[in-house]
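Peer 1: Sharing a structure here in structure tokens format.
Read-outs: derived from the displayed coordinates by stated rules, not from any lab. Note that the structure is a prediction, hence the values are computed from the model and not measured. Quick reminder, even Gly has a Cβ in these numbers, built from the backbone with ideal geometry, and neighbours come from all protein chains shown.
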Amino acid sequence: AQKVTQAQTEISVVEKEDVTLDCVYETRDTTYYLFWYKQPPSGELVFLIRRNSFDEQNEISGRYSWNFQKSTSSFNFTITASQVVDSAVYFCALSELNSGYSTLTFGKGTMLLVSP
Amino acid sequence: GAGVSQSPSNKVTEKGKDVELRCDPISGHTALYWYRQSLGQGLEFLIYFQGNSAPDKSGLPSDRFSAERTGGSVSTLTIQRTQQEDSAVYFCASSLMATSGGGSTDTQYFGPGTRLTVL
């Protein structure tokens, strides 16, 4: 069975600090997808990134960057120069194909608190 | 364009009552998913629709839960004889397809959720 572990329950940083959110996954499939979603205090889930298992290139989008390492089954998320608006719960998720369709398995989330 | 919408945004009900939660997916998305988020937890998969059919209902926690989708669009999640442990935020998500012929998977976009409180 697939599993996603986000070992950090809560992280507190001061504005402008860099912060890395860890995500470790387990899967038996060779084809799978990894996602990060942001859940701000308002409660909605905002899609951040999707990465397939064949693409291990790191990705940068503004202050956000993702480090995918198949060797360690990790898909970590770094926010550079954090801002108060980054305060949210961040979920890592894994998608596998089951009988021709995919569902997401979520980690329990990491709450990031950025203080001014 | 318009995102996934859900109604109501909040629902408070008494134990034993039935509730209906509604999801309106993004136009053109054929795949629709229901998830549940209990307090302080990640999201738990409940059920998936491809078009109007639901090939996998294994995530539904009990036979008090059911869902339907008509016309390949709007979906309703019904919980009968609600219990206090049903209290959670129920999210709906949609994607273009559940999977493509190449074994790809489409990104799921989530609605704002319905917060259900069973007293």
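Peer 1: Students often get this wrong, so check it: of A:LYS108/B:LYS57; A:LYS3/B:LYS17; A:LYS38/B:LYS15; A:LYS16/A:LYS108; B:LYS11/B:LYS57, which have C-alpha atoms separated by over 30 Å?
Peer 2: Pairs exceeding the cut-off: A:LYS3/B:LYS17; A:LYS38/B:LYS15.
Peer 1: Continuing with this model, one more query. Per 5 Å bin, what is the whole-percent P(r) computed from every C-alpha pair distance within the protein assembly as shown?
Peer 2: Pairs per bin, as whole percents: 1, 7, 14, 18, 18, 17, 13, 8, 4, 1, 0.
Peer 1: Most exposed first by the Cβ proxy, i.e. fewest other Cβ within 10 Å, how do B:ASP86, B:ASP18 rank?
Peer 2: In increasing order of surrounding Cβ atoms, one gets B:ASP18, B:ASP86.
Peer 1: Share of antiparallel DSSP beta bridges in the protein assembly as shown, in percent to the nearest 5?
Peer 2: Taking every DSSP beta bridge within the protein assembly as shown, about 90 percent pair in antiparallel fashion.
Peer 1: Is there a simple number for the mean count of other chain Cβ atoms within 10 Å of the Cβ of residues in B:39-45, and what is it?
Peer 2: That works out to 6 on average.
Peer 1: Here's a follow-up. Go through the stretch A:49-59 residue by residue and turn each phi into a ³J(HN,Hα) via Karplus (6.51, -1.76, 1.60, θ = phi - 60°); whole Hz please, and just put x for glycine and proline.
Peer 2: 7, 10, 9, 8, 5, 8, 10, 9, 5, 6, 10
Peer 1: Per-residue Cβ counts within 10 Å, from other chains only, averaged over A:39-47: what number is that?
Peer 2: 5
Peer 1: Using the 10 angstrom Cβ neighbour count as an exposure proxy, how do A:THR110, A:THR80 rank, fewest first?
Peer 2: The order, fewest Cβ neighbours first, is A:THR80, A:THR110.
Peer 1: Sticking with this structure for a sec: Rounded to whole Å, give me the distance from the Cα center of the stretch B:23-69 to that of the stretch A:36-107.
Peer 2: Between the Cα centres of the stretch B:23-69 and the stretch A:36-107 lies a distance of 21 Å.
Peer 1: How would you rank A:TYR37, A:TYR32, B:TYR48, A:TYR64, going from fewest to most other Cβ atoms within 10 Å of each one's own Cβ?
Peer 2: Exposure proxy ranking, most exposed first: A:TYR64, A:TYR32, A:TYR37, B:TYR48.
Peer 1: Any idea which of A:VAL13, A:SER95, A:THR30 is furthest toward the positive side of the dipole for the protein assembly as shown, if Lys and Arg beta-carbons carry +1 and Asp and Glu beta-carbons -1?
Peer 2: Going by the Cα projections, it comes out as A:SER95.
Peer 1: Compute, for chain B, the length of the dipole vector about the Cα centre, with Cβ point charges of +1 (Lys, Arg) and -1 (Asp, Glu) only. Units Debye, rounded to 20.
Peer 2: Numbers: 10 positive and 11 negative charges, 40 e Å.
Roughly 180 debye, rounded to the nearest 20.
Peer 1: Which of B:THR70, B:THR78, B:THR30 moves the most in a Gaussian network model of chain B with Cα springs under 10 Å?
Peer 2: Top of the fluctuation ranking is B:THR70.
Peer 1: Can you compute 3J(HN,Hα) from phi for each residue in the stretch B:22-39, using the Karplus curve 6.51 cos²θ - 1.76 cosθ + 1.60 with θ = phi - 60°, rounded to whole Hz and x for Gly and Pro?
Peer 2: 10, 9, 10, x, 5, 4, x, 7, 8, 9, 9, 10, 10, 10, 10, 10, 7, 3
Peer 1: A follow-up question, please. Against the globular-protein guess of 2.2 N^0.38 Å, express the Cα radius of gyration of chain B as a ratio, rounded to two decimals. Walk me through the numbers on the way to the answer.
Peer 2: On the way: Rg = 13.8 Å, N = 119, 2.2 N^0.38 = 13.5 Å.
That works out to 1.02 for chain B.
Peer 1: Ignore the peptide's own chain and count Cβ atoms of other chains within 10 Å of each Cβ in B:47-60; give me the average, rounded.
Peer 2: Going residue by residue through B:47-60 and averaging, the value is 1.
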